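The values are calculated or read from the model by the stated rules, or taken from the named source; none is laboratory data. Computed from a prediction, not measured in an experiment: that's the story for all the values here. Here the Cβ positions follow ideal geometry from the backbone for every residue, glycine too, while neighbour counts run over all protein chains shown. With ligands, DNA and RNA removed, areas are computed over all heavy atoms of the protein, side chains included. Shrake-Rupley method; radii C 1.70, N 1.55, O 1.52, S 1.80 Å.
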Amino acid sequence: MKRNRGIRFFSSEMYFFCTFASDNENATEMKRGRVVPLLFMDMIEKDVIIRLAEAHLATSECYLVDVSTGPDNRIVVEIDHDRAVGIDDCAALSRYIEERLDREVEDFELEVGSAGIFAPFKIMRQYVKNRGNEVEMLLVSGEKRTGTLQAADEQGVTLLLARTVKPEGAKRKVKVFEEQRYAYSEIKYTKNKARFK
């Protein structure tokens, strides 16, 4: 993971706006007029970073998972690989993005890393990558599911769930398996299940 220099601010690029609350006594919400300074600065657009990352990764086995940018121009790029992301993968992408952004115009802090093994899946390819793994799923309804991820496509995912039932006339309970299908809109998160020995 590569971390660049801290943020610098250039006075020529800073724009100040002030908003004034009303002093009108009839406006009860704004009875005490005061000046509230708000600071707006140019930010590096998230779409720019996405385009740069995708251009570099087009010739790589890694793929883009997420990009986040903050008002202080802190850029975080998350990538994944169907096997494993290497340090060299992160360093190469970091260099590629850095070389195409101009610090003289806008300074920034760039962080490139891999998706954590127990982090929630963010894109379909991560679901596909983890087929056959035991996963934990939290539904929008608040219900939790734990099962084997069987399949994933653009419409949703299939989980193989185990439950214990007692057949009529049987003395012991038996474990039965059933497949359940979930649309992405029903899922709050899915992640690999952590196992502690």
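Per residue, how much accessible area does segment 72-197 show when a 1.4 Å probe rolls over the protein heavy atoms, in square angstrom?
Spelled out: the 1.4 Å probe surface of segment 72-197, per residue, equals 62 Å².
Kindly work out what percent of the DSSP beta bridges joining two residues of segment 50-197 are antiparallel, to the nearest 5.
If I count the DSSP bridges inside segment 50-197, around 85 percent turn out antiparallel.
Test of understanding: what is the full-extension gain from GLU134 to LYS122, defined as 0.36 nm times their sequence separation minus their Cα-Cα distance?
So the extension gain works out to 2.6 nm.
Between GLU109 and GLU179, how many nm apart are label points set 7 Å from Cα along the C-beta direction?
Output for this residue pair reads 4.7 nm.
So, in nm, how far is label LEU160 from label SER68 when the simple model puts each one 7 Å beyond its Cα toward the Cβ?
Placing both labels 7 Å along Cα→Cβ, they lie 3.4 nm apart.
Work out how much length ALA170 to GLU45 would gain on full extension: take 0.36 nm times their residue separation and subtract the Cα-Cα distance, in nm to one decimal.
Difference between extended and current length: 38.6 nm.
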